[in-house]
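Asker: Have a look at this one.
The values are calculated or read from the model by the stated rules, or taken from the named source; none is laboratory data. Quick caveat, the model's predicted, so the values are computed rather than measured. Note: ideal-geometry Cβ built from the backbone for every residue, glycine included; neighbour counts use all protein chains shown. The area values use the complete protein model at the heavy-atom level, side chains included, leaving out ligands, DNA and RNA. Shrake-Rupley method; radii C 1.70, N 1.55, O 1.52, S 1.80 Å.
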Amino acid sequence: MGFTIPDTILQYIERGITMKYNMTARLFPLIFDRYAYAWLREQGIHTIMKDRVHREYRAMIHRTPEFPKDNSLMGNLLMGCYILSFYKAYPKEINEDIFHGLVLAVCHSKPMVNGHKKENPFDIRLLKQKESDAVRSQKSQYEMDWQYDFKYDEGIPAYDLTYTKCGLCRLGERENCLHLIKYLCEADYITYSLMGAALKRTQTIAGGDACCDF
């Protein structure tokens, strides 16, 4: 049975209101499927069908409000859609523990490890990018965008990021999956560790706090 996008969603796509299932979005299943399904098989779960998860992933992207392509956090939003699609497609099989393990499996996958090990969290270009992105975020009118402040101390070295709006939390609210976003937050600790940095955080929006303090 084929998958048909409802006419109302098609109208939104034509008007440029929702996200696009473009080449960047298509990369996530291509890159991470082998690791996600290998981990599920290790847990004795063999009933998760790729086609069903892929249809849900595509549908989620098409019903998610548009997001600026040049935003450095686009990958975070797409990763959220990708992992949440497993739960949305199989809510009975993918309980919270399995979802949590799935997040960890993807974050520790070879592409994630190799990609982040090559990054320097204190590269001057990265810091300048974070600074400009933080300023731009304060004026963003996109529903799915993050809003945050950025401060950098060269003497330590360290920097502070204070998020007051989270795109992943908004995604969780729209998909009735807000209770799962806290597990996606753990990815931050893993990615910063892979880059050779230590992340300290005492509160998160996903945890019900007013902000995320990095």
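Asker: Counting just the residues of the range 61-72 that are in contact with a helix residue (DSSP H, G or I) (Cβ under 7 Å, 6 or more places away or on another chain) and surrounded by fewer than 19 Cβ atoms within 10 Å (Cβ to Cβ), which one comes out modelled with the lowest pLDDT? Outline the logic, then answer.
Answerer: Residues of the range 61-72 that are in contact with a helix residue (DSSP H, G or I) (Cβ under 7 Å, 6 or more places away or on another chain), as a first pass: 61-64, 67, 72.
Those still in the list that are surrounded by fewer than 19 Cβ atoms within 10 Å (Cβ to Cβ) too: 62-63, 72.
Values: His62: 93, Arg63: 93, Ser72: 86.
Selected residue: Ser72.
Asker: Only one residue in Asp145, Asp209, Asp213 is in contact with a strand residue (DSSP E or B) (Cβ under 6 Å, 6 or more places away or on another chain) and closer than 30 Å to Phe99 by Cα. Which one? Working first, answer last.
Answerer: Working: Asp145 fails: in contact with a strand residue (DSSP E or B) (Cβ under 6 Å, 6 or more places away or on another chain); Asp209 fails: in contact with a strand residue (DSSP E or B) (Cβ under 6 Å, 6 or more places away or on another chain).
Matching residue, one of Asp145, Asp209, Asp213: Asp213.
Asker: Within the bounds of the range 134-154, is there any residue that is touching a Cys at 6+ places or on another chain (Cβ under 7 Å) and in contact (Cβ under 8 Å) with a residue 60 or more places away in the chain?
Answerer: Yes: one or more hits.
Asker: Based on this model, can you work out whether Thr191 counts as in contact (Cβ under 8 Å) with a residue 24 or more places away in the chain, more than 28 Å from His46 (Cα to Cα) and in contact with a helix residue (DSSP H, G or I) (Cβ under 7 Å, 6 or more places away or on another chain)? Give the steps one after another, and end with the answer.
Answerer: Working: in contact (Cβ under 8 Å) with a residue 24 or more places away in the chain: yes; more than 28 Å from His46 (Cα to Cα): yes; in contact with a helix residue (DSSP H, G or I) (Cβ under 7 Å, 6 or more places away or on another chain): yes.
Considered against the rule, which asks whether it is in contact (Cβ under 8 Å) with a residue 24 or more places away in the chain, more than 28 Å from His46 (Cα to Cα) and in contact with a helix residue (DSSP H, G or I) (Cβ under 7 Å, 6 or more places away or on another chain), Thr191 comes out as yes.
Asker: Please determine, by comparing only the residues of the range 103-149 that are in contact with a Pro (Cβ under 6 Å, 6 or more places away or on another chain) and either closer than 17 Å to Phe214 by Cα or charged (D, E, K, R) (or both), which one is modelled with the highest pLDDT.
Answerer: Kept after step one, since they are in contact with a Pro (Cβ under 6 Å, 6 or more places away or on another chain), are these residues of the range 103-149: 122, 143-144.
This time we only want the ones that are either closer than 17 Å to Phe214 by Cα or charged (D, E, K, R) (or both), so: 122, 143.
On the way: Phe122: 89, Glu143: 92.
That would be Glu143.
A quick yes/no check of all residues on (1) under 23 Å from Pro68 (Cβ atoms); (2) of a type in the set (A, V, I, L, M, F, W, C); (3) assigned to a helix (DSSP H, G or I):
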site: Leu102; (1), (2), (3): no, yes, yes
site: Ala105; (1), (2), (3): no, yes, yes
site: Asn120; (1), (2), (3): no, no, no
site: Tyr142; (1), (2), (3): yes, no, no
site: Phe150; (1), (2), (3): yes, yes, no
site: Glu173; (1), (2), (3): yes, no, yes
site: Tyr183; (1), (2), (3): no, no, yes
site: Tyr189; (1), (2), (3): no, no, yes
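Asker: Report yes if some residue within the range 162-177 is farther than 23 Å from His100 by Cα and either in contact with a Phe, Trp or Tyr (Cβ under 8 Å, 6 or more places away or on another chain) or open to solvent by 50 Å² or more (accessible area, probe 1.4 Å) (or both); otherwise report no. If you could, list the steps in order and put the result at the bottom.
Answerer: Quick first cut of the range 162-177, residues farther than 23 Å from His100 by Cα only: 162, 164.
If we keep only those that are either in contact with a Phe, Trp or Tyr (Cβ under 8 Å, 6 or more places away or on another chain) or open to solvent by 50 Å² or more (accessible area, probe 1.4 Å) (or both) as well, we get 162, 164.
Looking through the range 162-177, at least one residue is farther than 23 Å from His100 by Cα and either in contact with a Phe, Trp or Tyr (Cβ under 8 Å, 6 or more places away or on another chain) or open to solvent by 50 Å² or more (accessible area, probe 1.4 Å) (or both).
Asker: Here is a further query. Give the residue, chosen from Lys110, Lys130, Lys151, that is closer than 21 Å to Met74 by Cβ and of a type in the set (Lys, Arg).
Answerer: Values: Lys110 fails: closer than 21 Å to Met74 by Cβ; Lys151 fails: closer than 21 Å to Met74 by Cβ.
Of the residues listed, the single one that is closer than 21 Å to Met74 by Cβ and of a type in the set (Lys, Arg) is Lys130.
Asker: Does the range 85-100 hold any residues that are part of a helix (DSSP H, G or I) and either open to solvent by 60 Å² or more (accessible area, probe 1.4 Å) or in contact with a helix residue (DSSP H, G or I) (Cβ under 7 Å, 6 or more places away or on another chain) (or both), and which are they?
Answerer: Filtering the range 85-100 down to residues part of a helix (DSSP H, G or I) leaves 85-89, 96-100.
Answer for the range 85-100, where residues must be part of a helix (DSSP H, G or I) and either open to solvent by 60 Å² or more (accessible area, probe 1.4 Å) or in contact with a helix residue (DSSP H, G or I) (Cβ under 7 Å, 6 or more places away or on another chain) (or both): Ser85, Phe86, Tyr87, Lys88, Ala89, Glu96, Asp97, Phe99, His100.
Asker: What's the number of the condition Arg58 fails, among (1) among the basic types (Lys, Arg); (2) under 26 Å from Ala206 (Cα atoms); (3) without any contact (Cβ under 8 Å) to a residue 24 or more places away in the chain; (4) in a helix (DSSP H, G or I)?
Answerer: (3)
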